[in-house]
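Participant: Pasting in a structure now, in structure tokens, and then I'll have a few things to ask.
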Amino acid sequence: MVIETWSPEETFAVGEQLGKEAKAGAVYTLNGDLGVGKTVFTQGVAKGLEIDEPVNSPTFTIVQVYEEGRMPFYHFDVYRIGDIEEMDEIGYEDYFYGEGLCIIEWAELILEIIPDHARKITIEKDLEKGFDYRRITIEE
Ligand code: ADP
Ligand code: MG
């Protein structure tokens, strides 16, 4: 599924819809360059899960856990991971194969442990279509 957006609010709304429809145990990888809108999208997902606390990129931890919503929300950013063993240390399997929703940024760094049931979301710019244009591809 490909969705085009023309503002941060629209991207937020796409994330919100995904959060509303998400089933427990779903895993999504979130791909795209810096500044493309991954955090905006993730904040929408959190809203869709009825999470009220602020959601930002988990800069200093690999995973940020939000328990207050419709289901647990596990937001991973593995950009700074040094070794895949760090994933074992945080007990990643409890999240990836758990009853919450996982969003994993920079999943390409840990591809060997991404579950088969994970779905890929990619956000891209196309400057020919304008500065605020984004194409969001959600794998079926
Ligand atoms: P990332 O987390 O991918 O590094 P952010 O979500 O932090 O990116 O930032 C995206 C930036 O792009 C924000 O400043 C946002 O206002 C801007 N922006 C402009 N147009 C869009 C759009 N259509 N969708 C999402 N963000 C957009
Ligand atoms: Mg971000």
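The values are calculated or read from the model by the stated rules, or taken from the named source; none is laboratory data. Just so we're clear, the structure is a prediction, and the values are computed from it rather than from any experiment. Neighbour counts are summed over all protein chains in view; Cβ atoms, including those assigned to glycine, are modelled from backbone coordinates with ideal geometry. Protein only, heavy atoms only, side chains kept; ligands, DNA and RNA dropped before computing areas. Shrake-Rupley method; radii C 1.70, N 1.55, O 1.52, S 1.80 Å.
Participant: For segment 1-111, which fully contained helices (runs of 4 or more DSSP H) count at least 2 residues that are away from ligand 2 (no atom under 16 Å from the Cβ) and of a type outside the set (G, A, S)?
Facilitator: By residue number, 8-21, 85-89, 92-96.
Participant: Being among the hydrophobic types (A, V, I, L, M, F, W, C) and part of a helix (DSSP H, G or I) is the filter; apply it to segment 112-127 and report the residue that is nearest to N31 (Cα to Cα).
Facilitator: So, considering only residues that are among the hydrophobic types (A, V, I, L, M, F, W, C) and part of a helix (DSSP H, G or I), the one nearest to N31 (Cα to Cα) is I113.
Yes or no, residue by residue, for (1) open to solvent by 50 Å² or more (accessible area, probe 1.4 Å); (2) without any contact (Cβ under 8 Å) to a residue 24 or more places away in the chain; (3) of a type in the set (D, E); (4) in contact with a strand residue (DSSP E or B) (Cβ under 7 Å, 6 or more places away or on another chain):
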site	(1), (2), (3), (4)
Q17	yes, no, no, no
G44	no, no, no, no
G48	no, no, no, no
N56	yes, yes, no, no
Y97	yes, no, no, no
E105	no, no, yes, yes
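Participant: Next up: Which pairs do you get when a residue that is in contact (Cβ under 8 Å) with a residue 12 or more places away in the chain and at positive phi, found in segment 20-31, comes within reach of a residue that is open to solvent by 20 Å² or more (accessible area, probe 1.4 Å) and of a type outside the set (D, E), reach meaning Cβ atoms under 8 angstrom, with the pair 6+ apart or on two chains?
Facilitator: Close Cβ pairs (under 8 Å, with a partner that is open to solvent by 20 Å² or more (accessible area, probe 1.4 Å) and of a type outside the set (D, E)) amount to G25/Y97; G25/H117.
Participant: I'm trying to understand the selection: among the residues of segment 112-124, which are within 20 Å of S57 (Cβ to Cβ) and either among the basic types (K, R) or more than 16 Å from ligand 2 (Cβ to nearest atom) (or both)?
Facilitator: I114, A118, K120
Participant: Taking segment 98-124, which residues are within 14 Å of ligand 1 (Cβ to nearest atom) and under 15 Å from V14 (Cβ atoms)?
Facilitator: Matches in segment 98-124: I103, I121, T122, I123, E124.
Participant: Please pick out the residue among Y133, Y95 that is among the hydroxyl-bearing types (S, T, Y) and either away from ligand 1 (no atom under 11 Å from the Cβ) or touching a Cys at 6+ places or on another chain (Cβ under 9 Å) (or both).
Facilitator: Y95
Participant: Taking segment 81-90 only, how many residues are touching a residue at least 12 places away in the same chain (Cβ under 8 Å) and surrounded by fewer than 19 Cβ atoms within 10 Å (Cβ to Cβ)?
Facilitator: 4
Participant: Within the group Y133, Y74, which residue is farther than 19 Å from A26 by Cα and either aromatic (F, W, Y) or surrounded by 14 or more Cβ atoms within 10 Å (Cβ to Cβ) (or both)?
Facilitator: Y133
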